[in-house]
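The values are calculated or read from the model by the stated rules, or taken from the named source; none is laboratory data. This is a predicted model, so every value here is computed, not measured. We place every Cβ from the backbone using ideal geometry, glycine too, and count neighbours over all the protein chains shown. Surface areas here come from the heavy atoms of the whole protein model, side chains and all, with no ligands, DNA or RNA. Shrake-Rupley method; radii C 1.70, N 1.55, O 1.52, S 1.80 Å.
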Amino acid sequence: MFFHQPDNSIGDDVYNAFVYDDIQWMPHLHKGFELAVVLEGQAQAENDGKQYVLRQGEAMLVLPYRLHSYASPTHSKTLVIVFSGNYVSAFSRLVAESDAENCSVSFHKETFDYAMKIFLGRVLSRSDGGQNTWVKYEKPDTLRLKAALYAVCAEMYPTLKLVKAKRNNSLLYEMITYIESNYTADISLSSMADALGYDFRYLSRIFSRTFGVNFKTLVNQYRCDHAKTLIRDSDATLSEIALTSGFQSIRSFNRVFREITGDYPSALRR
């Protein structure tokens, strides 16, 4: 059994930083990258089917939409950061459509000290105890955050041993692959059920239970992320971008874009 974390998938500015005492997390996935760094003791982790034992000073990187989980048979204190690929766009492109044969690394002291100084800033809140006792940290300013994330990713990149992704035939990855390959078209849960050869009602139950958001919301997130890239990196008109990104009209584009991002598309070109 696993679950999807919508809060760590929806949006291009996702960033969450928690330090957990004796971390315990059942298998889950999300669109954001995840960095786990053991600060004290050791923690066990499973990442995309591979087992890791992380000791003090060691880290693990989780690529987008990879199943992962944590356990602490003994005492541990673990920093877990989930972040959007947009903060490290160059690195994100390097690892796209790839699997990693190794996701753990021991940081050099200079990298570790530099990154922790930025990640572990002001405390925002604390849990009241119980399982997964945690402390949540404030998001650093964007430039400092990007610098720290790039420093971490640059050190981890040579150890990842990237290979071309070989997604298995599980329904989870079939659904993700279908959306990633077709979100610019006029698709629906019904069309995905037909394409994948599943009963609509069965697929609807699985999708809702797995992703925690409805089909249209997840597809529109992909469309908005694609549109943002085009707005920033091309001279196409907003109407052209709307149609290219899968929206049926500039009106629906403006409405959905504001619902998801909090602003209108035109704001990115001011």
Do we find that D22 is farther than 23 Å from V213 by Cα and either buried (at least 18 other Cβ atoms within 10 Å of the Cβ) or in contact (Cβ under 8 Å) with a residue 60 or more places away in the chain (or both) in this structure? yes
Which numbered condition Y87 misses (of (1) surrounded by fewer than 20 Cβ atoms within 10 Å (Cβ to Cβ); (2) within 27 Å of R144 (Cα to Cα); (3) of a type in the set (F, W, Y)): (1)
Scan the stretch 206-227 for residues that are open to solvent by less than 20 Å² (accessible area, probe 1.4 Å) and either more than 14 Å from S191 (Cα to Cα) or basic (K, R) (or both) and jot them down. T210, F211, L218, N220, Q221, C224, A227
Just to be sure before I move on: is Y183 in contact (Cβ under 8 Å) with a residue 40 or more places away in the chain and either over 19 Å from F257 (Cα atoms) or touching a Lys or Arg at 6+ places or on another chain (Cβ under 8 Å) (or both) in the structure I sent? yes
Taking the options Y150, Y198, Y173, Y178, name whichever one is open to solvent by 60 Å² or more (accessible area, probe 1.4 Å), aromatic (F, W, Y) and assigned to a helix (DSSP H, G or I). Y150
Scan L230, L203, L268 and give me the residue that is open to solvent by less than 30 Å² (accessible area, probe 1.4 Å) and either in a loop (DSSP other than H, G, I, E, B) or in contact with a helix residue (DSSP H, G or I) (Cβ under 7 Å, 6 or more places away or on another chain) (or both). L203
When you scan the stretch 30-62, how many residues do you find that are open to solvent by 10 Å² or more (accessible area, probe 1.4 Å) and within 11 Å of F83 (Cα to Cα)? 1
By residue number, the members of the stretch 240-253 that are open to solvent by less than 60 Å² (accessible area, probe 1.4 Å), without any contact (Cβ under 8 Å) to a residue 40 or more places away in the chain and not aromatic (F, W, Y) are I241, A242, S249, S252
Taking G197, is it under 26 Å from the mean Cα position of the chain (by Cα) and modelled with pLDDT of 90 or more? no
When V256 is evaluated against the numbered criteria (1) out of contact with any Cys (no Cβ under 8 Å at 6 or more places or on another chain); (2) in contact (Cβ under 8 Å) with a residue 12 or more places away in the chain; (3) surrounded by 15 or more Cβ atoms within 10 Å (Cβ to Cβ); (4) assigned to a helix (DSSP H, G or I), which criterion, by number, is the only one it fails? (1)
Only one of (1) modelled with pLDDT under 95; (2) buried (at least 18 other Cβ atoms within 10 Å of the Cβ) is not met by K77, so which one is it? (1)
Is it the case that some residue within the stretch 106-115 is touching a Gly at 6+ places or on another chain (Cβ under 9 Å) and not in a helix (DSSP H, G or I)? yes
I'd like the full set of residues that are in contact with a helix residue (DSSP H, G or I) (Cβ under 8 Å, 6 or more places away or on another chain) and aliphatic (A, V, I, L, M), limited to the stretch 134-173. L145, A147, A148, L149, A151, V152, A154, L160, L162, L171, L172
Given the structure, is L189 of a type in the set (A, V, I, L, M, F, W, C), surrounded by 11 or more Cβ atoms within 10 Å (Cβ to Cβ), more than 30 Å from F91 (Cα to Cα) and modelled with pLDDT of 95 or more? yes
So if I check each of S104, S127, S92, which one is open to solvent by less than 60 Å² (accessible area, probe 1.4 Å), under 18 Å from G32 (Cβ atoms) and either of a type outside the set (D, E, K, R) or touching a residue at least 40 places away in the same chain (Cβ under 8 Å) (or both)? S92
Is there a residue in the stretch 26-38 that is modelled with pLDDT of 95 or more, more than 21 Å from F2 (Cα to Cα) and touching a Leu at 6+ places or on another chain (Cβ under 8 Å)? yes
